[in-house]
Amino acid sequence: MAKPSQTARFITSQDDKVGSISIGKYLAILSTHPPGLLRERHTHDETHLIIVRSGKMSFKVDGHVQEVGPGDIVLIPPGVHHSSEVLCESPSSVMCLVLI
């Protein structure tokens, strides 16, 4: 019996689209944050895995502060307080995978 075909889409740094797509148990969200954006301390009910695609940001997760850039990954467990800030003078782009 033949396996059903599957198609993968890879998002590259040249993509400028913002949006989301469900992938099984995950929601993939591509977003761009303007320079200086500050996301105040908050929590989520789901695990968030954030992959920085461009720019420079600072994340504070459960009291620990870390500056991140392209290729860095931030893991935010459910219920953990966190905040973020864009540190560069250009927009920062991230891919956020949410376990739903």
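Just so you know, all these numbers are worked out from the coordinates, no wet-lab data involved. Because the structure is predicted, anything quoted here is derived from the model rather than measured. Virtual Cβ from ideal backbone geometry, glycine too; neighbours counted across all protein chains shown.
For the reader, a short list of remarks on this structure follows.
- Neighbourhood net charge (11 Å Cβ-Cβ; Lys/Arg +1, Asp/Glu -1) for L87: -2
- Three-way shape label, segment 25-100, alpha-carbon gyration tensor, a/c 1.5: oblate
- Segment Q66-L27, extension gain: residue separation times 0.36 nm, minus the distance between their alpha carbons: 11.6 nm
- Between H42 and L87, the FRET efficiency from the beta-carbon distance, with R0 = 22 Å, is close to 0.70.
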